[in-house]
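The values are calculated or read from the model by the stated rules, or taken from the named source; none is laboratory data. Computed from a predicted structure; not experimentally measured. Neighbour counts are summed over all protein chains in view; Cβ atoms, including those assigned to glycine, are modelled from backbone coordinates with ideal geometry. Each accessible area value is taken on the protein alone, full model and side chains, heavy atoms only, with ligands, DNA and RNA left out. Shrake-Rupley method; radii C 1.70, N 1.55, O 1.52, S 1.80 Å.
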Amino acid sequence: MSPHHSAPVPQVILNDQTSIPQLGFGVYKVPEDDAYRVVSEALEVGYRLIDTAALYGNEEGVGRAIRESGIPRDEIFVTTKLWNTDHGKKETVDAFHASLDRLGLAYVDLYLIHWPQPAVDKYVETWEEMIALRDTDELRSIGVSNFTAPTLKRIISETGVVPVLNQIELHPGFSQPDMRKFNSYFSVRTQAWSPLARGEGLDANAITALAEKYGKTPAQIVLRWHMQLGTLVIPKTTHRERMEENFDVLDFWMGEEELASITNMDRADGRMSKDPDEFNGDL
């Protein structure tokens, strides 16, 4: 456990009644050569949710760190994702088993469609295959990433199966209030990727003033904002001190007006990545 850690990480109950830590650890752009060390350190700090993807190319290192951690498997929540080139019935099944083999685990806790690719238009049949995979011993829960209102609504209406979670770009400059509300309407949990916007905006007055007031760093203020909004969050870093800093956000509580001062930083051009309604290929 982290020496700074005082309160337990809240557990969130998903719509399939499984439990997921609200605060986890992401490994986007962590090289395969570093993944074992980075994930091992994250687990030592206290993280129990590890979020990877086929695209990241580091599932082998992630899986080895989990297997060799000495922590019981059922205490670690493992997410991975289906990449864009693997949409389709057979492709989805093959890609899932390839991820499972690279991880070297008996099962995955959560499998996500990484992007909907609406122009490719295979995300519904892909979702149907994920439903079938979920009914095996190798997969517990299924969800989506970067889905918007139209794509989310369509998979629910055409299959009757609601994703447990929608992982979307979400940070103070792009706080997605409408999408969060839409997810919530369908009992889909919102999980933020790039929760710190790669450090952009952390020097904003609203954030630095709160950091000073609470004796926290700007990054800690933003992570706490996410958690108080009810968002699940998966900050990424390769540095142990930063892992500990990002984990040390459970011992203070901000007021509604303080949260609003951060939410109000939202801006129309705040998206930093691709528009999911238009993105249909390789990053």
Only residues that are within 20 Å of H97 (Cα to Cα), outside any helix (DSSP H, G or I) and among the charged types (D, E, K, R): list them for the stretch 47-75, please. D51
Where the second residue is modelled with pLDDT under 95 and the first is of a type in the set (S, T, N, Q) and lies in the stretch 71-89, which pairs have Cβ atoms under 8 Å and are six or more apart or on separate chains? N84/N280; N84/G281; N84/D282; T85/D282
Collect the residues in the stretch 172-205 that are touching a residue at least 40 places away in the same chain (Cβ under 8 Å), open to solvent by less than 40 Å² (accessible area, probe 1.4 Å), under 23 Å from I50 (Cα atoms) and among the hydrophobic types (A, V, I, L, M, F, W, C), keeping them in residue-number order. V188, A192, A197
Cβ contacts < 6 Å: first residue over 15 Å from G199 (Cβ atoms), restricted to the stretch 221-239; second residue open to solvent by less than 10 Å² (accessible area, probe 1.4 Å) and of a type in the set (S, T, N, Q), any location; separation 6+ or different chain. Result? L232/Q191
Take the residues of the stretch 217-254 that are surrounded by fewer than 20 Cβ atoms within 10 Å (Cβ to Cβ) and of a type in the set (D, E, K, R): which is nearest to Y36 (Cα to Cα)? R240
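Which of the following residues is closer than 20 Å to A42 by Cβ and of a type outside the set (D, E, K, R): I221, I234, I207?
After applying the criteria, what remains is I234.
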It is to be established whether one or more residues within the stretch 118-131 are of a type outside the set (D, E, K, R), in contact (Cβ under 8 Å) with a residue 40 or more places away in the chain and in contact with a Phe, Trp or Tyr (Cβ under 7 Å, 6 or more places away or on another chain). yes
